[in-house]
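Single-structure report; data block below.
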Amino acid sequence: MIISALALPLTVLIVPFFGVLGPQLTVYATMQAICAELLFWGGVTLAGRDTWRLVRSHGWRGTPARMLGVMRTGELSLAS
């Protein structure tokens with residue numbers, strides 16, 4: 001969920017090719033931003049306390065890369 005939350009806003013770049021422009025695009029982009037936030041924090045909640053510590057120590061932008069490292073190595077390191 002955390003990783004997909006970062007990919008969701010990128011779909012705004014694809015939407016104009018489907019004929020969505022103007023105010024509709026604004027509403028669509030806003031809804032995507034809200035959904036991305038909900039996905040991210042839902043993923044953090046499901047992942048547990050260690051993930052929350054990871055988010056606090058590395059920020060929300062650094063969390064997905066750190067989580068990929070955890071999946072590869074199986075070790076959670078809060079150090080840089």
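How much mean residue ellipticity at 222 nm does the chain get from its helices, if each DSSP H run of length 4 or more adds -39500 (n - 2.57) and you divide by all residues, to the nearest 500 deg cm²/dmol?
The helix-only estimate for the chain comes to -24000 deg cm²/dmol at 222 nm.
Would you mind telling me which residue in 55, 44, 20 has the biggest mean-square fluctuation in a Gaussian network model of the chain, where springs connect alpha carbons within a distance under 10 angstrom?
20
Please give the FRET efficiency for residue 50 paired with residue 24, using the beta carbon to beta carbon distance and R0 = 41 Å, rounded to the nearest 0.05. Intermediate results must be reported in sequence, preceding the final value.
Numbers: r = 41 Å, r/R0 = 0.99.
Working from the Cβ atoms, E equals 0.50.
Compute the helix-to-body angle for 49-73: its Cα long axis versus the longest principal axis of the chain, expressed 0 to 90° and rounded to tens.
With rounding to tens, the tilt is 80 degrees.
If you average the sequence gap of Cα pairs under 8 Å that are 6 or more apart and divide by the length of the chain, what percent do you get for the contact order?
Taking the mean separation of contacting Cα pairs over the length of the chain, I get 34 percent.
Compute the angle between helix 23-47 and the longest alpha-carbon principal axis of the chain, please, reported from 0 to 90 degrees and rounded to the nearest 10.
Result, in degrees: 20.
Bear in mind that the values in this text are calculations on the coordinates, not laboratory data. In this text the structure is predicted, and so the values were computed from the model without any measurement. So basically every Cβ, Gly included, is an ideal-geometry build from the backbone, and we count neighbours across all protein chains shown.
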